[in-house]
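Report on the structure given below.
The values are calculated or read from the model by the stated rules, or taken from the named source; none is laboratory data. Since the model is a prediction, treat every value here as computed from it, not as a measurement. Cβ: placed from backbone, ideal geometry, glycine included. Neighbour counts: every protein chain shown.
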Amino acid sequence: MRLVQAQTAESTPARRPQPAARAACRLGVAASLLCILAVPGRAQQSVTLRRDNEAFLAEPGGVRLGRLAAGARLQATGSRSGHTQVTLDGWIWRESVRSEQREGHTLAVRKSGEENVRDEPNGTIVARLVSGALLDEVGRRGGWVHVRRTGWMASAGLGGALSAARPAPAVAPPPARTPSAQALPASETASAAVQNLDPTLAVARRRIELRRAPGAAPAGTIEAEMPVRVTARAGEWVRVEMQGWVRESELRPAGRSALNNVTAAELRADPERFRGRLVRWTIQFIALQTADDLRPDFQPGERYILARGPAPEYAFAYVAVPPEKLAEVGRIEPLASVTIIARVRSGRSAYLANPILELVDIAP
């Protein structure tokens, strides 16, 4: 009798799961997949560097790619051997890089010394990379190249250097766009279409002359189909605003763009307040010197002015000189008094607490 019951049980087909059971099974599988996909996102942290000149390395303790600037936003993705892996994302001038397929990267910095990486075209400096540093190209916009590079920095340097870190999303949202009225899909409501209209936008019908005032002599031209923004009206005339790109070296700071009465003592007392600001100083030129490895505020080989000032102060100050200004600075006589416009790199140098500036212009 037991044998017959056993054979009957083996020959009876398994019951098919009920719909509720099947649904629960599917939910369990979906939940497992979501857990797997979410792991990489939780491994990333969006961080903002608070200290300047943190070394950026190809590998822990390896080749130095450059230095990171205070305020740089990075993605921290792991740690090893006392170092944290971070990803730098920014923009670099097209003429400063060359195509180079090596070690899985597509570009290399070609400019001698070091080159700036900015958070957007002509934006804030987020890093300074050395010549030969390898990069990955992400895209292009005009004369600028969007680049990315994963590297390492000492974990000890992150103590107090990070803002509150937040987990990065597993999938980045698409960039926001403001559609024109013609591009709105038919499903959009009329109120949404009205919100996206901008009555100040216009396009040049043909090549036209640009004037500084109604009826004044031409000061330039606007090419046909160039987008402009209308900012004021006067009779049949309108004032327009345009956007475009030029090399920074082709511009001279306007008189109101630089701070005039800021002392070296103020920079030392509150260095973060003035970082990146333009100042107008009258200094006493002492010598043009070359930075060595003992000056961590400079890239080795970078040229700088040893100066005293600003007048009437008599403290030492250092002014980094970009390559395009070297010839002009080389003509300055020792102990001459010179008025400069410079950007504050650091209110206090690493060892002597003297201001570090970056020369932008020599005032006439």
Count of residues meeting criterion [touching a Pro at 6+ places or on another chain (Cβ under 8 Å) and touching a residue at least 24 places away in the same chain (Cβ under 8 Å)] in the range 81-112: 4
Test: residue in the range 79-91 that is closer than 24 Å to VAL321 by Cα, at pLDDT 90 or above and out of contact with any Lys or Arg (no Cβ under 6 Å at 6 or more places or on another chain): no
Residue check for PHE285: under 23 Å from the mean Cα position of the chain (by Cα), among the hydrophobic types (A, V, I, L, M, F, W, C) and not assigned by TED's automatic domain parsing to the domain that holds GLU114: no
Qualifying positions in the range 217-231 - in a strand (DSSP E or B), within 13 Å of ALA202 (Cα to Cα) and aliphatic (A, V, I, L, M): ILE222, VAL228, VAL230
When residues of the range 60-69 are limited to those that are in contact with a strand residue (DSSP E or B) (Cβ under 6 Å, 6 or more places away or on another chain) and outside any strand (DSSP E or B), the one surrounded by the fewest Cβ atoms within 10 Å (Cβ to Cβ): PRO60
Pairs where the first residue, in the range 315-342, is outside the structural domain of ALA291 (by TED's automatic domain parsing) and the second is among the hydroxyl-bearing types (Ser, Thr, Tyr) and at pLDDT 95 or above, C-beta under 6 Å, 6+ apart: none
